[in-house]
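Some notes on the structure that comes next.
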Amino acid sequence: MQAIYAGIVIGLAAAANLAVGGGIIGAAIFSFALLMICALKFHLFTGKVGAAFLGQYKLSKLAQAYFFNAIGILLVVLLAWKNANAEAMHALAVKIAQERIGWPWWASIFMGVLCGMCV
């Protein structure tokens, strides 16, 4: 259940980020969600990857966290689908994805590693 809750919190943070148009406010909302996940000791996949490589977290548990995080996020997506702002949120998400597709491969890896270290 802790992994599903983590997925729900991340999904809500991502939806709120898109709803406010991203930027500093969106980043603050997302950061608050990560702090909440840590404070409540929820199991977020990205927070457990480093522990798994250090041998402190089993790979089977890592796979479970990934799966159940996805279920939590899917629940939020299903709820956000009927939101009045859904079209604007979708357009912003596509814009962000298209910008990141254009990044060089090394920049994507660098940003991914930095994100993982922060989590």
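Among the residues of the range 1-31, the ones that are among the hydroxyl-bearing types (Ser, Thr, Tyr), in contact (Cβ under 8 Å) with a residue 40 or more places away in the chain and surrounded by fewer than 17 Cβ atoms within 10 Å (Cβ to Cβ) come to 0 in all. Residues of the range 97-119 that are over 21 Å from PHE45 (Cα atoms) and surrounded by 13 or more Cβ atoms within 10 Å (Cβ to Cβ): none at all. Sub-8 Å Cβ pairs linking a first residue in the range 95-107 that is in contact (Cβ under 8 Å) with a residue 60 or more places away in the chain to a second residue that is surrounded by 10 or more Cβ atoms within 10 Å (Cβ to Cβ), at least 6 apart or interchain, are ILE96/GLY22, ordered by first then second residue.
Of all residues in the range 45-57, none satisfies being of a type in the set (S, T, N, Q), surrounded by 17 or more Cβ atoms within 10 Å (Cβ to Cβ), within 19 Å of CYS115 (Cα to Cα) and modelled with pLDDT of 90 or more. Looking only at residues of the range 2-35 that are of a type outside the set (Gly, Ala, Ser) and more than 13 Å from the chain's Cα centre (by Cα), we find that the one that is farthest from LEU75 (Cα to Cα) is ILE24.
The values are calculated or read from the model by the stated rules, or taken from the named source; none is laboratory data. Because the structure is a prediction, the values reported are computed rather than measured. Because the Cβ atoms are built from the backbone with ideal geometry, glycine has one as well, and the counts that use them run over all protein chains shown.
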